[in-house]
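Reading through the structure tokens given below for one structure.
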Amino acid sequence: MAAINSPSLWWKAFPKPSDDGHKYDRGHALVLSGGAAQTGGARLAAQAALRVGAGLVTVMSPPSAVIVNASHLTAVMLRAVADADELAAVMDDQRITCAIAGPALGFSKTARAKVDALLRCRQKLVLDADALTMHAEASDAFFSKLGSHGLAVLTPHEGEFKRLFPDLDGPREARAAHAAKRSGAVVTLKGAETIVASPKGSIVRNEHATPWLATAGSGDVLAGVIGGLMAQGMEPFDAACAGVWLHGDAGRRCGPALISEDLDAGLRRSLAALFETPPT
Ligand SMILES: NC(=O)C1=CN([C@@H]2O[C@H](COP(=O)(O)OP(=O)(O)OC[C@H]3O[C@@H](n4cnc5c(N)ncnc54)[C@H](OP(=O)(O)O)[C@@H]3O)[C@@H](O)[C@H]2O)[C@@H](O)CC1
Ligand SMILES: Nc1ncnc2c1ncn2[C@@H]1O[C@H](COP(=O)(O)OP(=O)(O)O)[C@@H](O)[C@H]1O
């Protein structure tokens with residue numbers, strides 16, 4: 001039986017900046033960018049990770065897309081990374097605490113190799129969108145890597161879920177629970193209601209959202225929120241529950257006609273309200 005998502009479930013574990021802390025104490029999140037014509041999804045995720053409190057966020061861009069990304073980024077940092085070996089070398093820095101891959105990443109050989117390199121690292125991961133779909137043909141090998149990794153959150157919408165778990169049908173809660181057990185990752189099955197399931201059997205249902213969130217890039221923002229929380233030390237299941245609730249709350253605060261860029265201001269208001277009146 002699923003618990004209903006609310007801040008009382010995860011507030012204790014929610015990252016709070018310490019009085020004498022510095023930015024590296026708040027974690028460093030990386031976000032993989034797609035090619036020059038596919039960069040928006042990564043930037044939406046990166047901005048969300050920074051907004052939710054990660055101390056540093058860097059977009060890892062193919063060299064061909066650096067100029068496009070550079071012309072749109074300010075507080076979020078940017079680094080060119082040509083291939084999986086270069087990415088693995090960056091990930092050797094243990095101050096990097098989370099990586100987010102999938103939003104508008106594409107399916108090139110290099111993009112696939114970069115995701116594979118992330119799966120071999122020890123840092124927490126959020127895998128969304130193309131980083132899920134690219135494993136549809138060889139899902140067992142993917143699940144085996146996820147199981148060994150042990151610190152990943154998957155954020156599929158129904159279409160992506162069906163590609164990875166084509167044999168699972170029935171109620172959404174049961175499907176998400178099965179998928180989490182099979183993959184060894186926390187599964188966040190997105191939709192009007194979002195289900196968060198852990199490999200150990202915890203399950204949370206989120207109703208705190210708005211249909212105005214059904215807009216291009218909104219899921220990319222969610223991936224960034226979850227990754228930004230994990231970058232600050234939150235465990236994958238707590239971060240997924242908190243991220244889904246905050247994303248829904250930000251959407252509600254934006255209200256009618258929201259587009260994904262607006263969620264940044266919505267998240268700021270949601271966080272201000274949470275810190276002003278913390279749940280008891
Ligand atoms: N600004 C940017 O840079 C943005 C970049 N983006 C990037 O674009 C890439 C493609 O992502 P995508 O999700 O649009 O396409 P795709 O993977 O083909 O899946 C869509 C198909 O799945 C199905 N479907 C079933 N249920 C569904 C559901 N609940 N929600 C959604 N779909 C559902 C449905 O098929 P149908 O059921 O109609 O047959 C539908 O046709 C990806 O990299 C993403 O990050 C976007 O985030 C936008 C902003
Ligand atoms: N009808 C709805 N009511 C509430 N939330 C929704 C609704 N439709 C979609 N969402 C939320 O919006 C987000 C959409 O994510 P996704 O489908 O990945 O979009 P994109 O790929 O464009 O970023 C998810 O967090 C999902 O839960």
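Give the residue, chosen from P17, P63, that is over 17 Å from the mean Cα position of the chain (by Cα), more than 17 Å from G228 (Cα to Cα) and away from ligand 1 (no atom under 16 Å from the Cβ). Break it down into steps so the answer makes sense when it comes.
Numbers: P17 fails: more than 17 Å from G228 (Cα to Cα).
Residue meeting the stated conditions: P63.
Do you know which of the residues in the range 192-206 that are small (G, A, S) and either over 19 Å from S218 (Cβ atoms) or touching a Lys or Arg at 6+ places or on another chain (Cβ under 7 Å) (or both) is farthest from ligand 2 (Cβ to nearest atom)? Don't jump to the end; show me each part of the working.
Filtering the range 192-206 for residues small (G, A, S) gives 192, 197-198, 201-202.
Subsequent filtering for residues that are either over 19 Å from S218 (Cβ atoms) or touching a Lys or Arg at 6+ places or on another chain (Cβ under 7 Å) (or both) retains 197-198, 201-202.
Values: A197: 14, S198: 18, G201: 22, S202: 19 Å.
Filtering first and then ranking leaves G201.
Scan the range 153-178 for residues that are crowded, with 23+ Cβ neighbours inside 10 Å and touching a Pro at 6+ places or on another chain (Cβ under 8 Å) and jot them down.
Correct list: V153 only.
Results for (1) touching a helix residue (DSSP H, G or I) at 6+ places or on another chain (Cβ under 7 Å); (2) hydrophobic (A, V, I, L, M, F, W, C); (3) surrounded by fewer than 19 Cβ atoms within 10 Å (Cβ to Cβ), shown as yes or no for each residue.
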{"residue": "R182", "(1), (2), (3)": "yes, no, no"}
{"residue": "T188", "(1), (2), (3)": "yes, no, no"}
{"residue": "E207", "(1), (2), (3)": "no, no, yes"}
{"residue": "T210", "(1), (2), (3)": "yes, no, yes"}
{"residue": "L213", "(1), (2), (3)": "yes, yes, no"}
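Would you check which residues across the range 1-14 are touching a strand residue (DSSP E or B) at 6+ places or on another chain (Cβ under 7 Å) and either closer than 15 Å to G228 by Cβ or surrounded by fewer than 20 Cβ atoms within 10 Å (Cβ to Cβ) (or both) and list them?
Step one: list which residues in the range 1-14 are touching a strand residue (DSSP E or B) at 6+ places or on another chain (Cβ under 7 Å), which gives 2-5, 9.
Residues satisfying the conditions are A2, A3, I4, L9.
The rows are residues; the columns are (1) under 27 Å from S71 (Cβ atoms); (2) within 16 Å of the chain's Cα centre (by Cα).
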{"residue": "M1", "(1), (2)": "no, no"}
{"residue": "I4", "(1), (2)": "no, no"}
{"residue": "P7", "(1), (2)": "no, no"}
{"residue": "K23", "(1), (2)": "yes, no"}
{"residue": "S33", "(1), (2)": "yes, yes"}
{"residue": "A45", "(1), (2)": "yes, yes"}
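Here's the yes/no breakdown for (1) farther than 18 Å from D83 by Cα; (2) touching a strand residue (DSSP E or B) at 6+ places or on another chain (Cβ under 9 Å); (3) within 13 Å of ligand 1 (Cβ to nearest atom):
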{"position": "A101", "(1), (2), (3)": "no, yes, yes"}
{"position": "A111", "(1), (2), (3)": "no, yes, yes"}
{"position": "K114", "(1), (2), (3)": "no, yes, no"}
{"position": "L119", "(1), (2), (3)": "no, yes, no"}
{"position": "M134", "(1), (2), (3)": "no, no, yes"}
{"position": "E137", "(1), (2), (3)": "yes, no, no"}
{"position": "S144", "(1), (2), (3)": "yes, no, no"}
{"position": "G150", "(1), (2), (3)": "yes, no, no"}
{"position": "F161", "(1), (2), (3)": "yes, yes, yes"}
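Mind checking which residues of the range 231-261 are out of contact with any Ser or Thr (no Cβ under 9 Å at 6 or more places or on another chain) and within 16 Å of ligand 1 (Cβ to nearest atom)?
Across the range 231-261, the qualifying residue is only E261.
Output the strands (runs of 3 or more DSSP E) that fall wholly within the range 154-217 and possess 3 or more residues being touching a residue at least 40 places away in the same chain (Cβ under 8 Å) and within 18 Å of the chain's Cα centre (by Cα), or say none. Show your work before the answer.
Working: elements: 186-189, 194-197, 203-206.
Filter on the range 154-217 gives 194-197, 203-206.
None of the figures in this text is laboratory data; all of them are computed from the coordinates on show. From a predicted model like this one, the values you see are computed outputs, not experimental measurements. All Cβ positions, glycine included, derive from the backbone under ideal geometry; neighbour counts span all protein chains shown.
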